[in-house]
Structure formats: C-alpha cells, structure tokens
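Report on the following structure.
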Amino acid sequence: MNKKIIASVSIIASLAAFTTILVANAQTATTTPPVPSSSHASTSLPLKSERQVLQVGPEGKVVMHGKVASVDNGSLTVNSWGGPWTVNVGSKTKILPATAGNDLTKFKTGDFVGVYGTVSKSANWTIDATLVRDWTYRQTVTQEQKENVQSVHKTMKAETPRNYVGKASNVTDNSFTLTVGGTSYTVNVVSGTKVIDRNRLNMKLSSIKDGDNVRVWGVNTNGNIAASIVRDVSFPATNTR
C-alpha cells in the first residue's frame with residue numbers, strides 16, 4: 001500500500017515539474033514582431049504627439065513617423081529612428097491630407113509626417129511609400145478653414161447685402177461677370193474681399209475659370225456688385241471637408 005502511495009506521489013511530482021518547464025519555455029520564447037497593417041498608416045495622430053516611430057515587419061512593411069528634412073522631386077528625406085530616411089513617393093503613392101491635392105510640394109521642412117510602405121531592397125535607409133501623411137499641413141489647413149468660416153460669418157452679420165449664386169466668366173485681376181438666371185452682374189473685387197474655394201481655403205481670383213459655380217456676398221448697385229465674399233464652389237473638383 002505504501003509503495004502505491006509513494007509511486008503516485010512521484011508521478012504527480014513529475015507531471016508538475018514537466019508542466020513548469022513547458023510554461024517557462026512558453027514565457028521565454030521569442031515572438032515574431034507583428035507586421036504593420038495599413039490601418040496604422042491611416043490612423044490620425046494628434047500633432048502634439050510628435051514622437052518618432054519606426055516599425056518594420058518581417059516582410060519589410062514599415063510604419064515611420066518623423067520630421068521632414070528636405071523635399072525633392074518625387075521624394076522626401078525624413079528624420080526618424082536611425083537617422084535620415086529617403087522616402088520615395090511615386091505616382092501611386094497616396095498623399096494626405098486630401099487638401100494637399102496629391103502635391104508633394106505642399107510638404108515643408110520641419111513638418112511632422114507619417115509614412116507607410118516597404119523598405120527598399122535596392123537602397124539603404126530608403127522606403128518605397130504607399131501612403132504619406134503630413135500632420136503639420138493638415139493642422140495648418142484646418143486652422144485656415146476655421147478662420148475663414150469665422151470671417152465669413154462675421155462679415156455676413158455686419159453687412160446688409162445679399163447672396164448671389166451663378167456662373168463666372170470674363171475673369172480679370174479685379175472683377176468678373178456673374179450670370180444669375182439669365183441676368184449678368186459685374187462683380188468688383190477689392191483688397192478687402194475674401195476670395196475662397198470650395199474647401200474654404202484662400203485662393204486667387206485668377207484661379208476662377210469660366211463656367212465655375214460661384215457664390216458672391218455683396219451689395220448690388222445698378223448691376224455692379226461690390227463683393228465682400230467670393231466663393232468658388234467648383235474649385236477644387238474634390239470636396240475634402
């Protein structure tokens with residue numbers, strides 16, 4: 001009887017020791033680093049969190065956050081972990097925010113950016129980007145939109161003109177023709193006139209094209225409108241709000 005008890009205790013002790021070894025091995029095993037997903041690149045990051053980030057997966061997929069050191073034709077140099085990285089921006093690379101119009105020249109030295117892509121196999125410290133986002137530019141655009149909305153509301157409250165909506169033509173340096181329901185008006189633009197685009201960003205009067213849908217807030221005197229606000233709702237073609 002005693003021999004059976006001793007044997008049972010020995011078996012239980014052996015199983016417990018074996019289980020402990022398995023748990024220890026599982027805890028000390030090296031795990032494969034996760035592959036960055038595209039959702040990481042599209043997640044908005046508050047500008048105040050300007051932390052450098054560099055995540056590289058086993059297949060070379062990379063997510064990087066850093067500051068622009070220089071902007072070249074078709075590429076950026078971004079300072080992040082490890083030093084300066086060359087970021088190749090091709091025709092298929094998505095450039096954000098959308099208000100940049102896929103134009104890399106909107107990026108400036110010192111801007112905080114996020115990059116998603118693949119580490120180049122042919123050049124050191126180089127990323128072939130599929131998406132590049134400029135958080136600094138986005139913040140600047142957001143602030144400009146906010147200020148223009150406030151300015152427009154303030155002007156509309158302070159004055160007693162009316163709103164005219166029609167199609168533009170005959171655009172010059174300081175005026176254009178606005179056709180509203182078959183009636184043509186001459187819209188005069190002075191230095192204090194606020195000229196904005198569809199996204200409520202500042203634009204030049206010369207950028208208004210014949211046939212654009214335009215809204216004018218101003219005072220009409222015998223067919224001449226002294227404009228306080230001119231908004232081209234046809235430019236740009238894509239609404240990014």
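Taking region 184-209 and a reference point 7 angstrom along Cα→Cβ of T172, the backbone N atoms nearer than 12 Å belong to 186-189. Peptide packing for 127-138, 166-177 was compared via the average number of neighbouring C-beta atoms within 10 Å per residue; ordered from the highest value, the list is 127-138, 166-177.
Nearest-5 percent of antiparallel DSSP beta bridges in region 114-241? Please list the in-between numbers first.
Details: 30 of 37 bridges.
Beta bridges within region 114-241, antiparallel portion: roughly 80 percent.
Whole-Hz Karplus values for region 146-153 come out as 4, 5, 5, 4, 5, 5, 5, 4 Hz, taken residue by residue from phi with 6.51 cos²θ - 1.76 cosθ + 1.60 and θ = phi - 60°; glycine and proline positions read x. For S80, nonlocal amide neighbours, meaning residues 5 or more places apart or on other chains whose placed amide H falls under 5 Å from its own, are W85. Measuring from a point 7 Å past the Cα of L54 along Cα-to-C-beta, which residues in region 101-120 have an amide N at less than 13 Å? Under cut-off, by backbone N: 119-120.
Compute the Cα gyration tensor for region 38-138, then decide on rounded, prolate or oblate, letting a ≥ b ≥ c be the square roots of its eigenvalues: rounded whenever a/c is under 1.5, prolate when a/b is larger than b/c in the other cases, and oblate in all that remain. Judged from the Cα gyration tensor, region 38-138 comes out rounded (a/c under 1.5). Modelled spin labels at K92 and Q139, positioned 7 Å past Cα toward Cβ, are 3.3 nm from each other. A simple spin-label model places pseudo-atoms 7 Å from Cα toward Cβ; at K204 and N220 they are separated by 3.1 nm. Under 5 Å from the amide H of I225 lie the amide H atoms of T186, V187, N188, each residue being 5 or more positions distant or on a separate chain, with H modelled from the backbone and absent for Pro and chain starts.
Taking Cα centre as origin and charging only the Cβ of basic (Lys, Arg, +1) and acidic (Asp, Glu, -1) residues, the dipole magnitude of region 94-241 rounds to 360 debye.
Coupling constants for region 170-183 follow from the phi torsions by the Karplus curve (6.51 cos²θ - 1.76 cosθ + 1.60, θ = phi - 60°), and in residue order they are 6, 6, 10, 5, 9, 6, 7, 9, 10, 9, 10, x, x, 9 Hz; glycine and proline get x.
No value in this document is a laboratory result; all are computed from the given coordinates. Every value quoted in this text rests on a predicted model; they were computed, and no experiment measured them. As a convention, Cβ positions derive from the backbone with ideal geometry for all residues, glycine included, and neighbour counts pool all protein chains shown.
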